[in-house]
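Readers should treat all values here as calculations from the given coordinates under stated rules, not as data from a laboratory. Every value quoted in this text rests on a predicted model; they were computed, and no experiment measured them. Cβ: placed from backbone, ideal geometry, glycine included. Neighbour counts: every protein chain shown.
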Amino acid sequence: MKLLGLLSTFGFGWSTASILSAIQVAQSEVAQGGGGQVELSWTTIIIGYGPLGIFALGVAIDKIGNHSERNRLREENKGQAEYIKSLHARIEDDIVPAILGASASQNRNSELLVKAIDSIEKILAYQERQEERRRG
Amino acid sequence: MVSQVSEQVTDEEKEHIIGILDESVQALRDNARRNSELADKLEQKLGELVGV
């Protein structure tokens with residue numbers, strides 16, 4: 001693309017110089033009382049402006065490509081953001097309450113286990129006191 | 001620029017969600033460990049009670 005750019009710049013300069021030169025020749029012919037016709041070679045114009053056109057077309061295609069790639073990425077990000085949002089909502093609405101419920105149940109089980117242990121310790125202490133009383 | 005901002009927001013959302021789940025899982029693990037220790041103690045006391 002860089003080479004094409006250099007080529008087109010060169011061609012553009014050459015063609016412009018040819019056109020200016022032809023205009024100057026025509027002007028001097030007019031000054032001398034002549035017809036003053038501008039003669040330009042089509043080959044010069046095509047060689048000069050053809051690569052510029054191709055270069056411009058290449059740049060335009062590149063820009064369009066970049067634009068559609070940006071759009072695609074934007075859509076992809078939008079889709080991802082929506083997915084994350086729905087995931088977030090599901091976690092807050094379903095998963096977190098379920099975890100909190102499980103945690104509350106575990107805490108209740110802890111309380112029951114502690115009560116059961118306390119009760120057994122009381123029974124053991126009672127049995128020990130009874131044993132001591134029996135001994136005398 | 002727009003896509004970078006969207007990516008950052010998405011990453012922040014992900015981090016937030018992972019943070020919530022990490023905390024919840026850690027709380028459940030801690031409770032389960034405590035209950036397991038209490039169950040061991042209860043088993044020991046029951047053994048003492050029945051004379052094993």
Top of A:Ala60, A:Ala104, A:Ala125 by mean-square fluctuation, Gaussian network on chain A, Cα under 10 Å: A:Ala125
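When Cβ neighbours within 10 Å are restricted to other protein chains, what is their mean count per residue of peptide A:106-115? Present the calculation step by step, with values, prior to reporting the outcome.
Values: counts 7, 4, 0, 6, 6, 1, 3, 9, 4, 1.
If you average over the peptide's residues, the count of other-chain Cβ atoms is 4.
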Between A:Gly50, A:Gly33, A:Gly13, which gets the highest mean-square fluctuation from a Gaussian network model of chain A, Cα cutoff 10 Å? A:Gly33
Max mean-square fluctuation residue, GNM over chain A, Cα-Cα springs under 10 Å, options A:Ala31, A:Ala98, A:Ala89: A:Ala31
Rounded to the nearest 10 degrees, what's the angle between the helix A:96-135 long axis and the longest principal axis of chain A, both from Cα atoms, 0 to 90? 20 degrees
Whole-Å distance, taken between Cα centres, linking region B:16-36 and region A:87-127: 14 Å
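Per DSSP H run of at least 4 residues, take -39500 (n - 2.57); add these up for chain A, divide by its residues and hand me the 222 nm value, nearest 500 deg cm²/dmol. It would help to have the intermediate numbers written out before the result.
Working: 3 runs with 119 residues, N = 136.
Helix-only estimate at 222 nm: -32500 deg cm²/dmol.
If you stretched the chain out fully between A:Phe10 and A:Glu76, how much longer would it get, using 0.36 nm times the residue separation minus the C-alpha to C-alpha distance? Display every interim value, and only then the final one.
On the way: separation 66, 0.36 × 66 = 23.76 nm, distance 4.22 nm.
Difference between extended and current length: 19.5 nm.
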By how many degrees, 0 to 90 and rounded to 10, does the Cα axis of helix A:42-90 deviate from the longest principal axis of chain A? 10 degrees
So how far apart, in nm, are the two label points at B:Asp40 and A:Ala22 if each is 7 Å from Cα heading toward Cβ? 10.0 nm
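Which whole number gives the average count of other chain Cβ atoms within 10 Å of the Cβ atoms across peptide B:26-35?
Details: counts 0, 6, 5, 0, 2, 8, 4, 0, 6, 6.
For this peptide, the per-residue mean of nearby foreign Cβ atoms is 4.
Number of Lys pairs in the protein assembly as shown with C-alpha atoms less than 21 angstrom apart, excluding same-chain neighbours closer than eight positions?
Working: A:Lys2/A:Lys63; A:Lys78/B:Lys14; A:Lys85/B:Lys14; A:Lys115/B:Lys41; A:Lys115/B:Lys45; A:Lys122/B:Lys41; A:Lys122/B:Lys45.
Lysine pairs meeting the criterion: 7.
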At R0 = 45 Å, how high is the FRET efficiency between A:Glu69 and A:Leu100 if r is their beta carbon distance? Nearest 0.05 is fine. 0.50
